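Accompanying notes for the structure given below.
Laboratory data are not the source of any read-out in this text; all were calculated from the coordinates shown. Only a predicted model underlies this, so the values are computations on that prediction, with no experimental measurement involved. Don't worry about glycine lacking a Cβ; one is built from the backbone with ideal geometry, like all the others, and counts go over all protein chains shown.
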Amino acid sequence: MEIGVVLSSQYGLVKCILEHLSAFELIQTSKHVCKLWNDVTEVILRGRRRMEFFYYEGSKTLPQKKILEKVKEEFSRDFQEFLRHDVYSVPTLGFIISSGDERQFHYSSIQNRDNYPYDDYKRLYDIFPKMRSLCVSSFDGIVTPSKEIETRRFVLPSFTFLSFPSFQNVKIHTFDLTSKSSSNVMIKDLIPDLEEDEVIKGVIAFSSDDVLNPTLGRLILNCMERSNKNIALAGALVSLTWCCSSTDQRPDVEMAKSNVSGFVFTGDGVQVKSIILACEVNNVREVERELSKLEPDKYPQDVTSYAFMFACCGRGKAHYRQESNIESSTFRRLFPHTKLVGCFCGGEIGINSFSNSTKVKNMNPDNFFHSYTTVFMLISLHNKNIC
């Protein structure tokens, strides 16, 4: 029997071969072959539910004027390779956190060059055109799966990218207040496709303008009212934030500086908790005591689980007697199989989701905003009901 006949008629063999390809490779390969390959590709992609992660750290050794060119070259190459060959689940939503010296961000636009890093994000839409994304820039530093990177004292562009696949019992909505800055804005105004019977489980929110904090506070209250005051919440005051769903939505720099955006997680397949490390927490023993309240033994740790960390820019190694990565390393010890991402910031957003304080009838929006703290959120997404 000819090999062409075998590869166009033997379902099991074709599936065994294609299972090893990335999402992009699968899509590109199957569309040029036959119906069987297309059918097998659909089955394989439908069964994949892995949250994918990419991290890039710029060079520390180059002179400042050459960093931008070097980072752009390296990042573009590495990010494209990752999207083409390492992403196995088709992403419906991407979360990008970038960090670096603010002068680099303006250098690229002032010189009328490519508006770095925005142009590189086009690769997301070239490869996965139906994906939406939320982007955050924090010039104070980022948190990666392996370490915390504080960038306030030197130029070091770094990037993290987290992709969310689709789940049957999970919906992830994005919201953006750029053109919805009314003080009376409601969650249904920002997310028209949010159905009445959807129960909100968790919210991740970012603000790049203190003036919009009251609006964000009311928005969070609105989410809590829909969910009987029983949600997890985490977020940060950052340098820039914006949402986009196509390359036509190239963000305006000034608009991204005065914006509020975020995620809303709903569905029976969502398991989520959030906790605040108070300003008084300043040693390993206290950090471990607080993070243990997240109950590591009861929390699933797999490729559909992630954690987010948003820390005050004053809680780096200076806060812990010149010891680095205290909070993140303690978390990794308690949750060795859960990847951790996040950023340093100029203010934190969060609640202790398992505390009775979230049950207070008339919560003040100011209770959601903090300083000199660290907020953690654990989230696990599954097809099955886990409520």
Full-extension gain in nm, residue 321 to residue 74, via 0.36 nm per residue minus C-alpha separation
85.4 nm
Most exposed first, judged by fewest Cβ atoms within 10 angstrom, 37, 242 run 37, 242
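At R0 = 35 Å, how high is the FRET efficiency between residue 289 and residue 19 if r is their beta carbon distance? Nearest 0.05 is fine. If you can, show how the numbers build up before the last one.
Working: r = 44 Å, r/R0 = 1.25.
Using R0 = 35 Å, I get an efficiency of 0.20.
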Going by the alpha-carbon gyration tensor, a ≥ b ≥ c the square roots of its eigenvalues, is region 267-382 rounded (a/c under 1.5) or, if a/c is not under 1.5, prolate (a/b greater than b/c) versus oblate?
oblate
Ordered by number, the GluC sites (Glu not before Pro) in region 255-311 that occupy a DSSP loop and have at most 15 other Cβ atoms within 10 Å are 280
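Most exposed first by the Cβ proxy, i.e. fewest other Cβ within 10 Å, how do 87, 238 rank?
Numbers: 87 23, 238 26.
With the fewest neighbours first, 87, 238 line up as 87, 238.
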Rounded to the nearest 0.05, FRET efficiency between residue 168 and residue 197 (Cβ-Cβ, R0 22 Å) equals 0.85
Neighbourhood net charge (12 Å Cβ-Cβ; Lys/Arg +1, Asp/Glu -1) for residue 233:
+2
With the cut-off at 19 Å, tell me which of the pairs 171/273; 229/298; 15/35 have Cα atoms farther apart than that.
229/298
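When the dipole is taken about the Cα centre of region 281-324, and only Lys, Arg (+1) and Asp, Glu (-1) are charged at their Cβ, what size is it in debye, to the nearest 20? Don't jump to the answer; show the numbers that get you there.
Values: 7 positive and 7 negative charges, 50 e Å.
Computed about the Cα centre, the dipole is about 240 debye.
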Among 32, 20, 173, 85, rank each residue by its count of other Cβ atoms within 10 Å, from fewest to most, as a rough exposure measure.
32, 20, 85, 173
